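As structure tokens, the structure follows; a few thoughts come after it.
Laboratory data are not the source of any read-out in this text; all were calculated from the coordinates shown. What you see is a predicted model; the values in this text were computed from it and never measured. Neighbour counts run over all protein chains shown; Cβ positions are idealised from the backbone, glycine included.
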Amino acid sequence: MRVITYGTFDLFHEGHRRLLERAKALGDHLIVGVTTENYDNSRGKLNVSQSLMERIRNVQDSGLADEIIIEEYEGQKIRDIQKYGIDIFAIGSDWLGEFDYLKDYCEVVYLERTKGVSSTQLRDQNAGVIRLGVIGSGRIAARFVAEARYVSGVDVRTVFSQHYARAQAFAERFELQHAAQTRDDLFGAVDAVYIASPHGTHYEHTAAALDAGIHVLCEKPMTLSRAQTEELFTRAREREVVLLEAVKTAFAPAFQRMVEVARSGSIGQIRSVDATFTKLVTGGRELESPDGGSISELATYPLLAVVKLLGTDYTTIRTQSLRPEDSEVELFSRIDISYPGAIASARTGLGVKAEGELIVAGTLGYVHVPAPWWLTEYFETRFENPAQNRKYYNTFDGDGLRYELAEFTQMIRGKNLESFKLRAAESLAIADIIERARAGAEFFG
């Protein structure tokens, strides 16, 4: 029986070895396909740190591959299976179902993800795999764990939830090593943590993790208070650990490119920024007080665009909000922000739908980012003379959470406590505007 499997095999560790051992046990001859840098880029695999030749050597040194080939493009697996007379295609179970199309050509086996790999084995590898824990077991946490497989050098090991049964179900679903019964149990097993619990718990969990010397990637909004956010960044600096707000758009390639183009002077001096984010919601914590509402839930994204394009030296903030009599929270808000020589408007809505676009107006032209601009892979610069218009394209893979995780892990490895893609001052400004907007809103309706 001839078996084939594929992988990046970057930062080769015990988990890779065990997967190859299981694949080899399925037959008499194991072929291992190692991906090229270009193919990894095309499929959204981030932070691959070793060269193709180093990664091939990783597999060779394992002594488990009878033959090694190079995977260069999407669709190559079908050709390889036929070319090499493959009987079994084997891949890790975290890809469950995604390669069922190959059943027309051979047997497809999903190998159970390695559990119980020694943390010492992983951390002591010369590549330095980062052990990551998750606080929260909801939909965002689920999307994050699924995206983490696209970031090299990260091992999501454990999860903690206020409800242990939910943590256990989450760990089983994603084949994590275990569910932590306490938060301290989680901290003892990881180097870094991703916090995806309800907004009101972010401060408590983040502060505890920082005090334990754990790097933190915290979902937006980090807190609903400037003072609390500032305190957390101060703790992180004092303990020399990374603290990053998980605003995925900030780290997306197209958004970064848009900010560069807009601030380069190509559209002249920026005079206004208008950003909208709305979604239809009929129930759930987003509509419950005290932490729900369209501002707390959605404003981080349009405010990100505002502070990245106009800076943090705003002068005045005015908010108008709709809160129906039967609602615990505001459902639609417009936040108007004044700057010296510029203005901005951020619109948010829950149960209210509007065109989710971003317009950056300048003295020579403007930038148009179509809806949904926070997931953009395309934008345009437009001018008085249409012949000068230009279109820009970039990738936005998956849910985009891989970009924030990739930046987070690079900061940890590089011992950088701040990222230019989202500075602490910008997170503080966003927290300040959200706090003031919620407190000072003029209600209508």
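Each of residue 279 and residue 371 was given a label point 7 Å from its Cα along the Cα-to-Cβ line. The distance between the two points is 1.5 nm. Each residue of the stretch 264-270 was assigned a 3J(HN,Hα) from its phi angle through the Karplus curve 6.51 cos²θ - 1.76 cosθ + 1.60 (θ = phi - 60°); the sequence is 6, x, 5, 9, x, 7, 6 Hz, with glycine and proline shown as x. Each helix, a run of at least 4 DSSP H residues, gives -39500 (n - 2.57); summed and divided by the residues of the chain, these come to -9500 deg cm²/dmol at 222 nm. Seen from all directions on average, the stretch 238-375 presents a Cα convex hull projection of 10.0 nm². Counting beta carbons within 10 Å around each of 203, 164 and listing the fewest first gives the order 164, 203. Estimated at 0.36 nm per residue, the fully extended path between residue 289 and residue 101 surpasses their Cα-Cα distance by 63.0 nm. Placing unit charges on each Cβ (+1 for Lys and Arg, -1 for Asp and Glu) gives the chain a dipole about its Cα centre, and among 296, 13, 101 the Cα reaching farthest toward its positive end belongs to 296. With Cα atoms as the point set, the radius of gyration and Dmax of the stretch 119-246 evaluate to 13.9, 41 Å.
Here the 3J(HN,Hα) profile of the stretch 77-83, calculated from phi with Karplus coefficients 6.51, -1.76 and 1.60 at θ = phi - 60°, is 4, 4, 5, 4, 4, 6, 5 Hz, Gly and Pro shown as x. Computing FRET efficiency as 1/(1 + (r/R0)^6) for residue 380 and residue 263, where r is the C-beta to C-beta distance and R0 is 22 Å, gives about 0.85. Entry for the stretch 396-445 at q = 0.13, 0.18, 0.25, 0.27 Å⁻¹: log10 I(q)/I(0) = -0.51, -0.74, -0.94, -0.99, Debye formula applied to identical alpha-carbon scatterers, no solvent contribution. The stretch 350-391 and the stretch 230-280 have Cα centres spaced 17 Å apart. In order along the stretch 138-150, the Karplus-derived 3J(HN,Hα) couplings, from 6.51 cos²θ - 1.76 cosθ + 1.60 at θ = phi - 60°, round to x, 5, 5, 4, 5, 5, 5, 4, 5, 6, 4, 5, 8 Hz, and Gly and Pro are given as x.
In this structure, the amide hydrogen of residue 71, modeled 1.01 Å from its nitrogen in the peptide plane, lies closer than 5 angstrom to those of 34, 35, 36, counting only residues at least 5 positions away or on a different chain. How big is the antiparallel share of DSSP beta bridges in the chain, given as a percent to the nearest 5? Approximately 40 percent, going by the DSSP bridge assignments.
For the chain, the pair-distance distribution built from all alpha carbon pairs, in bins 10 Å wide starting at 0, is 4, 19, 27, 24, 16, 8, 2, 0 percent.
For the stretch 222-272, which GluC sites (Glu not before Pro) are in a loop by DSSP, counting at most 12 other Cβ atoms within 10 Å? Sparse-neighbourhood loop GluC sites (Glu not before Pro): 240.
Shape class of the stretch 123-195 from the Cα gyration tensor (axes a ≥ b ≥ c, square roots of the eigenvalues): oblate, since a/c reaches 1.5 or more and a/b does not exceed b/c.
Applying 1/(1 + (r/R0)^6) with r as the Cβ-Cβ distance of residue 182 and residue 231 and R0 = 22 angstrom yields a FRET efficiency of 0.40. Axis of helix 300-310 versus longest Cα principal axis of the chain: the two differ by about 70°, to the nearest ten degrees. In terms of surrounding Cβ atoms within a 10 Å radius of their Cβ, 9, 170, 420 rank from fewest to most as 420, 170, 9.
Specify the inter-centroid distance of the stretch 394-410 and the stretch 31-67, based on alpha-carbon positions, in whole Å. Using only Cα atoms to place each centre, the spacing works out to 20 Å. Hand me the GluC sites (Glu not before Pro) from the stretch 31-91 located in a DSSP loop with no more than 10 other Cβ atoms within 10 Å, in residue order please. Those that pass, being in a loop and sparsely packed, are 74. Taking the square roots of five times each eigenvalue of the Cα gyration tensor of the stretch 2-111, the equivalent ellipsoid has semi-axes of 20, 16, 13 Å, listed largest first. If R0 is 45 Å, the Cβ-Cβ spacing of residue 67 and residue 393 corresponds to a FRET efficiency of close to 0.75.
Among the GluC sites (Glu not before Pro) in the stretch 360-445, those placed in a DSSP loop whose Cβ has at most 13 other Cβ atoms within 10 Å are 384.
Distant-in-sequence amide contacts of residue 323, defined by a placed amide H-H separation under 5 Å and a gap of 5 or more residues or a different chain, comprise 331, 444. For residue 379, the amide hydrogen comes within under 5 Å of the amide hydrogens of 392, counting only partners 5 or more places away or on other chains and with H modelled in the peptide plane.
The ranking of 89, 255 by Cβ neighbour count inside 10 Å, starting from the fewest, reads 89, 255.
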